[in-house]
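A.B. asks: Structure incoming, see below.
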Amino acid sequence: MPQVIAETAIGTISFEAEQGKKLVLALEDNGVDILHRCGGNARCTTCRVEIVVGDVGAMGPDEEAILSTKGDLAPNTRLSCQIRCENDMEVKVINQASVAGIDAGTRPQD
Ligand code: FES
């Protein structure tokens, strides 16, 4: 199973993700209150993470389209709702409900 290391607002955590699981769900199920305001539909970008280490696969057209509208993001920015856990990775979580003071949003589908 892929090993995920995540830098979060409460420190760095590490866990084994279910093979092929969406990264946003793997993070949430391992205690990270990551935002996913559009429900995992590549529209809100609140679920974004920075990929520190690892191959998370190519971007799909929806992810590429929405991220291209945001000019001020780091080049290693990706949407965790569009990434499947297939390989080991290290990521930095950008938005968390407890920090933003808002509800995380509808849980994305598996
Ligand atoms: S872009 Fe909205 S949850 Fe991923």
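A.B. asks: Considering only the range 11-53, state which residues are surrounded by fewer than 22 Cβ atoms within 10 Å (Cβ to Cβ), touching a residue at least 12 places away in the same chain (Cβ under 8 Å) and either of a type in the set (Lys, Arg) or assigned to a strand (DSSP E or B) (or both).
C.D. replies: Listed by number, the residues that qualify are Ile13, Phe15, Glu16, Lys21, Arg37, Arg43, Glu50, Ile51, Val52, Val53.
A.B. asks: Take the range 54-68 and flag every residue that is among the charged types (D, E, K, R) and either surrounded by fewer than 13 Cβ atoms within 10 Å (Cβ to Cβ) or at pLDDT below 95 (or both).
C.D. replies: Step one: of the range 54-68, the residues among the charged types (D, E, K, R) are 55, 62-64.
Matches in the range 54-68: Asp55 only.
A.B. asks: Which one of the conditions (1) away from the ligand (no atom under 15 Å from the Cβ); (2) small (Gly, Ala, Ser); (3) in contact (Cβ under 8 Å) with a residue 12 or more places away in the chain does Gly105 fail to meet, given that it meets all the rest?
C.D. replies: With (1) away from the ligand (no atom under 15 Å from the Cβ); (2) small (Gly, Ala, Ser); (3) in contact (Cβ under 8 Å) with a residue 12 or more places away in the chain applied to Gly105, the lone miss is (1).
The values are calculated or read from the model by the stated rules, or taken from the named source; none is laboratory data. These numbers were taken from a predicted model, which means no experiment stands behind them. Cβ coordinates were reconstructed from backbone atoms using ideal geometry, including for glycine residues, and neighbour counts include every protein chain displayed.
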